[in-house]
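Enquirer: This is the structure I have questions about; it appears just below.
The values are calculated or read from the model by the stated rules, or taken from the named source; none is laboratory data. Computed from a predicted structure; not experimentally measured. Note that we place each Cβ from the backbone using ideal geometry, even for glycine, and neighbour counts take in every protein chain shown. With ligands, DNA and RNA removed, areas are computed over all heavy atoms of the protein, side chains included. Shrake-Rupley method; radii C 1.70, N 1.55, O 1.52, S 1.80 Å.
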Amino acid sequence: MALAFDEFGRPFIILREQDQKTRLRGIDAQKANIAAGKAVARILRSSLGPKGMDKMLQGPDGDVTITNDGATILEQMDVDNQIAKLMVELSRSQDYEIGDGTTGVVVMAGALLEQAERQLDRGIHPIRVAEGYEMASRVAVEHLERISQKFEFDVNNFEPLVQTCMTTLSSKIVNRCKRSLAEIAVKAVLAVADLERRDVNLDLIKIEGKVGGNLEDTELIYGILVDKDMSHPQMPKQIEDAHIAILTCPFEPPKPKTKHKVDIDTVEKFETLRKQEQQYFDEMVQKCKDVGATLVICQWGFDDEANHLLMHRNLPAVRWVGGVELELIAIATGGRIVPRFQELTPEKLGKAGMVREKSFGTTKERMLYIEHCANSKAVTIFIRGGNKMMIDETKRSIHDALCVARNLIRNKSIVYGGGAAEIACSLAVDAAADKYPGVEQYAIRAFAEALDSVPMALAENSGLQPIETLSAVKSQQLKENIPFYGIDCNDVGTNDMREQNVFETLIGKQQQILLATQVVKMILKIDDVISNSEY
Ligand code: ADP
Ligand code: MG
């Protein structure tokens, strides 16, 4: 695109390959963009809340994902409209910053767009709408702060944390086991948390899954899990206070290279060669024993003869361990990876309180648990489930729960869920609108109405009458001036979200409102779209 001037000094725009491009300007551009954003939001709307629907997405190779997580749905949807991509990005940034609330943020943005369209139809300039939204979002965020509550918990009393994680999990496919999964998530976060600095490094929590068993068998391991077994079935299955040699060099006698020629023409010569090899390996084993290793973990394999010898010399070993896992083991156990056998020294051994091999069911599947490692607080959540889709979705759900627990450790404030916080904000924003004399007040009112769309969607998805339910709850909040009333999605019989224990983190909710407003403002400010038209 280039700007040029004609002979009268009037500017005009030159488009390369003009006839292949389409161009939308002014109000048409805004309308088209709004429509695209709304379309994406409409897809997610039915996934919101504890009774929300799940989506099944088929990838290009025919792999199927079933999920309820907004960020995942959008990520896999392969949209090619640029505005729709912004919505995907929006969901992703909520996922990145907060972890939970990825559906809600898109629903919110969709509602804001819908309201914006109405304001444009009334003839209000997009910039005024954007400014009104900005003011309204500030009011809403402040109001959230005001109605938030401090949440007290400590390492011994982590029940409140579990309750909040359960709210997150209740909208997922795995809600059957939400209690146990929430407990696992909270324990995992507390295990790696630095409560003094109020920081949690989620990288220390590894999530592993293996098909088989039940969701109920999901467990938390205070250590790391390696999908390998002892190299010989007769080796001990359990090693206490293990000293681990971590080798990336071959654990066997050097093989003659093809370049060398070894002439073996008699039986004696063969025997001596064999003896020599055996002795060489024997010395290697002895060396391991001398430095005090009680377990050897190797990146490479060794042959059956060596394996047999190891078993005889009573030195358990694990072979064919991947590089990434090896590194993790080294970090966790405080050991050093030994790239050359000669360099093996006692200081380089890693230490773990317990290494055990566990087998599952009737299958021959075995895994190695390395627990109570010397150096690190790293934990592993080991998920079991009937099929891969279930395990993948459980991983995503647990990730949400972990994020919620982490956010609560960072900031103890919570607001009430089930749309309660949104309704309270809507009332506050509506009240604030009167204070603004300008045209913005229409936009601010529109913002308040958009906030209502979250509880409406919750009600709709639970099979309730959206408008009736919303207005009942809203009047209840107004009358009693209590921001705890929300939508009773599970038909418990009360609207009081305190009683139902439906909480969300304050920062999560604030982030939702801020991010949604930002994106909508951005979309409203685009008034010229030039794109390659399709042929
Ligand atoms: P998101 O990806 O945005 O987290 P969810 O599908 O997890 O979407 O739905 C979250 C919404 O559901 C929140 O508004 C939350 O308050 C609400 N919610 C969760 N559990 C309940 C419940 N038991 N009763 C009412 N609302 C709930
Ligand atoms: Mg959620």
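Enquirer: Among helices (runs of 4 or more DSSP H) lying entirely in the range 4-108, which contain 3 or more residues that are surrounded by fewer than 16 Cβ atoms within 10 Å (Cβ to Cβ)?
Expert: 26-45, 82-97
Enquirer: Under the condition of being among the acidic types (Asp, Glu) and surrounded by fewer than 17 Cβ atoms within 10 Å (Cβ to Cβ), which residue from the range 296-331 is farthest from ILE370 (Cα to Cα)?
Expert: My answer is GLU305.
Enquirer: Go through the range 479-489 and give me each residue that's surrounded by 13 or more Cβ atoms within 10 Å (Cβ to Cβ) and out of contact with any Pro (no Cβ under 6 Å at 6 or more places or on another chain).
Expert: ILE482, PRO483, PHE484, TYR485, GLY486, ASP488
Enquirer: Is there a residue being surrounded by 21 or more Cβ atoms within 10 Å (Cβ to Cβ) and more than 16 Å from ligand 2 (Cβ to nearest atom) anywhere in the range 166-175?
Expert: The answer is no, given that none of the residues of the range 166-175 is surrounded by 21 or more Cβ atoms within 10 Å (Cβ to Cβ) and more than 16 Å from ligand 2 (Cβ to nearest atom).
Enquirer: Kindly establish whether LEU144 is open to solvent by less than 30 Å² (accessible area, probe 1.4 Å), within 15 Å of ligand 1 (Cβ to nearest atom), farther than 30 Å from ILE66 by Cα and in contact (Cβ under 8 Å) with a residue 24 or more places away in the chain.
Expert: So LEU144 fits the description; yes.
Enquirer: Identify the residue in the range 492-526 that is of a type in the set (Gly, Ala, Ser) and over 23 Å from ASN81 (Cα atoms) and, among all such residues, is surrounded by the fewest Cβ atoms within 10 Å (Cβ to Cβ).
Expert: Once the filter is applied, the top-ranked residue is GLY493.
Enquirer: Can you tell me which residue is nearest to CYS249 (Cα to Cα) among those in the range 332-350 that are basic (Lys, Arg) and surrounded by fewer than 17 Cβ atoms within 10 Å (Cβ to Cβ)?
Expert: ARG340
Enquirer: Tally up the residues in the range 223-248 that are closer than 29 Å to ILE98 by Cβ and either assigned to a helix (DSSP H, G or I) or in contact with a Gly (Cβ under 9 Å, 6 or more places away or on another chain) (or both), please.
Expert: The qualifying residues number 1.
Enquirer: Here is a further query. Using beta carbons and a limit of 9 Å, which pairs, at least six apart or on different chains, have the first residue in the range 362-378 and farther than 25 Å from GLY213 by Cβ and of a type in the set (Gly, Ala, Ser) and the second one open to solvent by 70 Å² or more (accessible area, probe 1.4 Å) and modelled with pLDDT of 75 or more?
Expert: ALA374/LYS351; SER376/ILE331
Enquirer: Do you know which residues across the range 109-131 are surrounded by fewer than 16 Cβ atoms within 10 Å (Cβ to Cβ) and either over 26 Å from GLY70 (Cβ atoms) or in contact with an Asp or Glu (Cβ under 7 Å, 6 or more places away or on another chain) (or both)?
Expert: ASP121, ARG122, GLY123, HIS125, ILE127
Rundown of residues vs (1) of a type in the set (Asp, Glu); (2) closer than 19 Å to LYS172 by Cα; (3) at pLDDT 85 or above, yes/no style:
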{"site": "ILE14", "(1), (2), (3)": "no, no, no"}
{"site": "SER46", "(1), (2), (3)": "no, yes, yes"}
{"site": "MET53", "(1), (2), (3)": "no, yes, yes"}
{"site": "LEU57", "(1), (2), (3)": "no, yes, yes"}
{"site": "ILE66", "(1), (2), (3)": "no, yes, yes"}
{"site": "ALA71", "(1), (2), (3)": "no, yes, yes"}
{"site": "ALA84", "(1), (2), (3)": "no, no, yes"}
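Enquirer: Would you point out which residue out of GLU89, GLU117 is closer than 21 Å to GLN511 by Cβ and away from ligand 2 (no atom under 16 Å from the Cβ)?
Expert: Of GLU89, GLU117, the one residue that is closer than 21 Å to GLN511 by Cβ and away from ligand 2 (no atom under 16 Å from the Cβ) is GLU89.
Enquirer: For the range 147-186, enumerate the residues that are in contact (Cβ under 8 Å) with a residue 40 or more places away in the chain and among the basic types (Lys, Arg).
Expert: Of everything in the range 147-186, those that are in contact (Cβ under 8 Å) with a residue 40 or more places away in the chain and among the basic types (Lys, Arg) turn out to be LYS150, LYS172.
Enquirer: Filter the range 109-129 down to residues that are assigned to a helix (DSSP H, G or I) and β-branched (Val, Ile, Thr) and give me whichever is nearest to ligand 1 (Cβ to nearest atom).
Expert: VAL129
Enquirer: I need a count of the residues in the range 360-418 that are open to solvent by 40 Å² or more (accessible area, probe 1.4 Å) and closer than 18 Å to LEU220 by Cβ.
Expert: Summing the residues that are open to solvent by 40 Å² or more (accessible area, probe 1.4 Å) and closer than 18 Å to LEU220 by Cβ in the range 360-418 gives 5.
Enquirer: Filter the range 446-467 down to residues that are over 10 Å from GLN115 (Cα atoms), out of contact with any Gly (no Cβ under 8 Å at 6 or more places or on another chain) and either open to solvent by 60 Å² or more (accessible area, probe 1.4 Å) or within 16 Å of ligand 2 (Cβ to nearest atom) (or both), then give me how many there are.
Expert: 5
Enquirer: Still on this model: Among the listed residues THR258, THR272, which satisfies the condition of being out of contact with any Cys (no Cβ under 9 Å at 6 or more places or on another chain) and either at pLDDT 90 or above or in a loop (DSSP other than H, G, I, E, B) (or both)?
Expert: Answer to the check: THR258.
Enquirer: Have a look at VAL454, VAL492, VAL439, VAL429 and point out the one that is within 10 Å of ligand 1 (Cβ to nearest atom), over 30 Å from ASN156 (Cβ atoms) and of a type in the set (A, V, I, L, M, F, W, C).
Expert: Only one candidate passes the filter, namely VAL454.
Enquirer: Right, another one. Of (1) farther than 16 Å from HIS143 by Cα; (2) part of a helix (DSSP H, G or I), GLN511 satisfies all except one. Which?
Expert: Unmet condition: (1).
The rows are residues; the columns are (1) among the polar types (S, T, N, Q); (2) out of contact with any Leu (no Cβ under 7 Å at 6 or more places or on another chain).
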{"site": "VAL355", "(1), (2)": "no, no"}
{"site": "PHE360", "(1), (2)": "no, yes"}
{"site": "TYR369", "(1), (2)": "no, no"}
{"site": "ARG384", "(1), (2)": "no, no"}
{"site": "ASN387", "(1), (2)": "yes, yes"}
{"site": "HIS399", "(1), (2)": "no, yes"}
{"site": "LEU408", "(1), (2)": "no, no"}
{"site": "GLU422", "(1), (2)": "no, no"}
{"site": "VAL439", "(1), (2)": "no, yes"}
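Enquirer: Please identify the pairs in which a residue from the range 475-501 that is closer than 19 Å to SER148 by Cβ has its Cβ atom under 8 Å from the Cβ atom of a residue that is within 16 Å of ligand 2 (Cβ to nearest atom) and aromatic (Phe, Trp, Tyr), counting only partners at least 6 apart or on another chain.
Expert: Listed by first residue and then by second, the contacts come to PRO483/TYR416; PHE484/TYR416; GLY486/TYR416; MET497/TYR416; MET497/PHE503; ARG498/TYR416.
Enquirer: Would you be able to tell me the number of residues in the range 297-316 that are closer than 14 Å to PHE281 by Cα and either of a type in the set (Val, Ile, Thr) or in contact with a strand residue (DSSP E or B) (Cβ under 7 Å, 6 or more places away or on another chain) (or both)?
Expert: Residues flagged as closer than 14 Å to PHE281 by Cα and either of a type in the set (Val, Ile, Thr) or in contact with a strand residue (DSSP E or B) (Cβ under 7 Å, 6 or more places away or on another chain) (or both) within the range 297-316 amount to 2.
Enquirer: Test each condition in (1) under 16 Å from LEU451 (Cβ atoms); (2) open to solvent by less than 20 Å² (accessible area, probe 1.4 Å) for MET135 and report the one that comes out false.
Expert: With (1) under 16 Å from LEU451 (Cβ atoms); (2) open to solvent by less than 20 Å² (accessible area, probe 1.4 Å) applied to MET135, the lone miss is (2).
Enquirer: So VAL529 fits all but one of (1) outside any strand (DSSP E or B); (2) open to solvent by less than 50 Å² (accessible area, probe 1.4 Å); what number is the exception?
Expert: (1)
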